[in-house]
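Asker: Before I ask anything, let me first share the structure, which is written out below as structure tokens.
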Amino acid sequence: MTPQVMLIMLGASVYGLTMGAIPGLSASMAVALVIPIAFFLDPVPALAGVVTLSAMAIFAGDLPGALLRIPGTPASAAYVDDSYLMVRRGQGGLALGLCVICSAIGGVVGALVLMGAAPAVARIALQFSSYEKFWLACLGLTAAVAVSGGKWYKGGISLMLGLAIAQVGLDPVSGQMRLTFGNSNLIGGLAFIPVLIGMFAIPEVLRYALAPREIAPPPIQALGNLLAGVGSTLRRLKGDLVQGSAVGVVIGAIPGAGADIAAYISYAISKRFSKVGDEYGKGVPDALVAATTSNNAAVGGAMIPATVFGIPGDSLTAIIIGVFFLKGLNPGPTVFIENALLINTVFMAFFVANILMVPLGLLATSAFQRVIRVPRYMLMPAVLAFCIIGAFAVENTHFAIVTMLILGLVAFVMEKYQYPLAPAILGLVLGPMLEETFLNSLIRARGNVLAFVERPLSMGLAALTLVICITPLAMFIWRKARSTRTA
């Protein structure tokens, strides 16, 4: 709580909010860019600044998603349609107010679990072998039905497209090239960020460019009071807050999972048990609470195996672990004895950062909303320029720009014929994890498929996945039979 540390945390907050709000510049990139600066700082302010930066950048991805329909971070894609449609309908203040408060609540819960139960949660997370991770990926794929929003078969087709895109490149086990068509640019696969930007941003630009003036979208209304209605909404949806926090911490603590999968799974669970589940994807506040909370709780969850065992939960914590080693903090089971001061600094900084997220997040939202006052004939070319810069910045190749534009055209056609985009993004996120864990598990079991359900934890996840898949069909048959009996 010294002035130096607090000033560095404040600067890191502003930097993280700025980087996270620019599409294409992810939280991982933001942390990576400040490593040279962290090298010259003392350990306590350096670690506090890096942890604060990561928390703020994850939240800031909600801002362009709500105002421009361009997710700033991959995890924001799970609920981008709902937040954007709320802004278009004049409920932007409520949408972004919920994003700020739920992000802070999820982050605080993640920080409290990190401080109080890190070793216990980490031991549970480390029980996940490749078999459990495979079923976790399958469980995540069931969220495709929840994020489809319309006819389930269209969501399935979109999901298969995302899984197909994820197959491009090298086989994760044999290293064999596939679906590259002799193009060397495809050997490394299609980069996720250019695909994400293209599928969400380019259709918006094209729709405005091709729409006649008389049917162009109306201007977005001012956001208004960001906290109006937030309290009553959260009291009504307190169950979603608990669910999102729990799912975020647990999924985030599983190495290789991360905030993306946590947000989609929380969204699917919330829709399944919501009284207005049919309205998800059409712009309802209920769709934001669980997924936004889970998004930020997963950051704290991912820090658990990173600090206790030195195992990164996702790409962001992998970079943070590098900063830990740089400043003499060696993650491991003995870290609480050998480096008690530094590890408690990390925990407290993460907690304080999520408290600061409320005032700073509200200020950032008020500043960012000026974007919606810019005339759209000036805004859309600027959006396209930022998309090109963001896509190029990730891969540093022109092919990333080509990828963004082609996938943008594909997404434009999909939306024209009412094929949802969210399942395709979900397939792209889960495809590599699903394939790699499946193949590695088969190799470990020497081809014995029964090994996937021999462990108690994998059997439980398999049963849960099966129940979720069968329940809609069983309910449909039951309703059909009941209506027949009534007739």
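Asker: Within the stretch 68-79, track down each residue that is buried (at least 24 other Cβ atoms within 10 Å of the Cβ) and more than 13 Å from Ile58 (Cα to Cα).
Answerer: Correct list: Leu68, Ile70, Ala78, Tyr79.
Asker: Give the residues of the stretch 440-455 that are under 16 Å from Cys138 (Cβ atoms) and surrounded by 12 or more Cβ atoms within 10 Å (Cβ to Cβ), sorted by residue number.
Answerer: The answer is Asn440, Ser441, Leu442, Ala451, Phe452, Val453, Arg455.
Asker: Report the residue count in the stretch 449-486 for those that are touching a helix residue (DSSP H, G or I) at 6+ places or on another chain (Cβ under 8 Å) and among the polar types (S, T, N, Q).
Answerer: Total meeting the criteria: 2.
Asker: For the stretch 35-74, enumerate the residues that are over 22 Å from the mean Cα position of the chain (by Cα), among the hydrophobic types (A, V, I, L, M, F, W, C) and assigned to a loop (DSSP other than H, G, I, E, B).
Answerer: Phe40, Leu41
Asker: Can we say Ala391 is within 23 Å of Gly258 (Cα to Cα), open to solvent by less than 20 Å² (accessible area, probe 1.4 Å) and in a helix (DSSP H, G or I)?
Answerer: So Ala391 fits the description; yes.
Asker: Go through (1) closer than 29 Å to Tyr280 by Cβ; (2) in a helix (DSSP H, G or I) one by one and return the number of the condition Pro420 breaks.
Answerer: (2)
Asker: Looking at the stretch 188-211, is at least one residue surrounded by fewer than 15 Cβ atoms within 10 Å (Cβ to Cβ), in contact with a strand residue (DSSP E or B) (Cβ under 8 Å, 6 or more places away or on another chain) and modelled with pLDDT under 85?
Answerer: For the stretch 188-211, residues surrounded by fewer than 15 Cβ atoms within 10 Å (Cβ to Cβ), in contact with a strand residue (DSSP E or B) (Cβ under 8 Å, 6 or more places away or on another chain) and modelled with pLDDT under 85: present.
Asker: Output the qualifying pairs, or none if there are none: Cβ atoms under 7 angstrom, residues six or more apart or on different chains, first residue in the stretch 189-212 and within 25 Å of Asp260 (Cα to Cα), second residue of a type in the set (Ser, Thr, Tyr) and at pLDDT below 80.
Answerer: Within 7 Å, the pairs are Ile193/Ser26.
Asker: Something else: Tell me which of these Asp278 doesn't satisfy, since it passes every other one: (1) in contact with a Gly (Cβ under 6 Å, 6 or more places away or on another chain); (2) within 23 Å of Gly92 (Cα to Cα); (3) at pLDDT below 85.
Answerer: (1) is the only condition that Asp278 fails.
Asker: Could I ask something else about it? Do the conditions hold for Pro456, that is, is it over 16 Å from Pro203 (Cα atoms) and of a type outside the set (Val, Ile, Thr)?
Answerer: Criteria met by Pro456.
Asker: Let me ask another. Among what's in the stretch 75-97 and is within 16 Å of the chain's Cα centre (by Cα) and of a type in the set (A, V, I, L, M, F, W, C), pick the residue that is modelled with the lowest pLDDT.
Answerer: Ala75
Asker: Can you say whether Ser458 is open to solvent by less than 60 Å² (accessible area, probe 1.4 Å), part of a helix (DSSP H, G or I) and among the hydroxyl-bearing types (Ser, Thr, Tyr), as far as the supplied structure shows?
Answerer: yes
Asker: In the stretch 461-487, what residues are without any contact (Cβ under 8 Å) to a residue 24 or more places away in the chain, under 31 Å from the mean Cα position of the chain (by Cα) and open to solvent by 60 Å² or more (accessible area, probe 1.4 Å)?
Answerer: Within the stretch 461-487, Leu466, Val467, Ile470, Leu473, Met475 qualify.
Asker: A further question follows. It is to be established whether one or more residues within the stretch 366-379 are at pLDDT 75 or above and open to solvent by less than 20 Å² (accessible area, probe 1.4 Å).
Answerer: No, the stretch 366-379 contains no residue that is at pLDDT 75 or above and open to solvent by less than 20 Å² (accessible area, probe 1.4 Å).
Asker: Now a separate question. Against the conditions (1) within 30 Å of Ala211 (Cβ to Cβ); (2) among the charged types (D, E, K, R); (3) open to solvent by less than 40 Å² (accessible area, probe 1.4 Å), where does Lys416 fall short? Just the number, please.
Answerer: Condition not satisfied by Lys416: (3).
Asker: Filter the stretch 104-139 down to the residues that are assigned to a helix (DSSP H, G or I), touching a Pro at 6+ places or on another chain (Cβ under 9 Å) and under 16 Å from Pro456 (Cα atoms), then identify the one that is modelled with the lowest pLDDT.
Answerer: Ranking the qualifying residues of the stretch 104-139, first place goes to Ala125.
Asker: Hey, any hits in the stretch 142-158 for a residue that's at pLDDT 85 or above, part of a helix (DSSP H, G or I), crowded, with 19+ Cβ neighbours inside 10 Å and among the hydrophobic types (A, V, I, L, M, F, W, C)?
Answerer: Scanning the stretch 142-158 turns up no residue that is at pLDDT 85 or above, part of a helix (DSSP H, G or I), crowded, with 19+ Cβ neighbours inside 10 Å and among the hydrophobic types (A, V, I, L, M, F, W, C).
Asker: Would you check if Leu179 is of a type in the set (A, V, I, L, M), modelled with pLDDT of 80 or more and on the phi > 0 side of the Ramachandran plot?
Answerer: yes
Asker: Checking the condition hydrophobic (A, V, I, L, M, F, W, C), in a helix (DSSP H, G or I) and touching a Lys or Arg at 6+ places or on another chain (Cβ under 7 Å), which residue from Met404, Met433 passes?
Answerer: Met433 is the lone residue from the list that is hydrophobic (A, V, I, L, M, F, W, C), in a helix (DSSP H, G or I) and touching a Lys or Arg at 6+ places or on another chain (Cβ under 7 Å).
The values are calculated or read from the model by the stated rules, or taken from the named source; none is laboratory data. What you are looking at is a predicted structure, and each value in this text was computed from that prediction instead of being measured. Every residue, glycine among them, receives a Cβ derived from its backbone with ideal geometry; neighbour counts consider all protein chains shown. Side chains included, ligands, DNA and RNA excluded: accessible areas come from the protein's heavy atoms. Shrake-Rupley method; radii C 1.70, N 1.55, O 1.52, S 1.80 Å.
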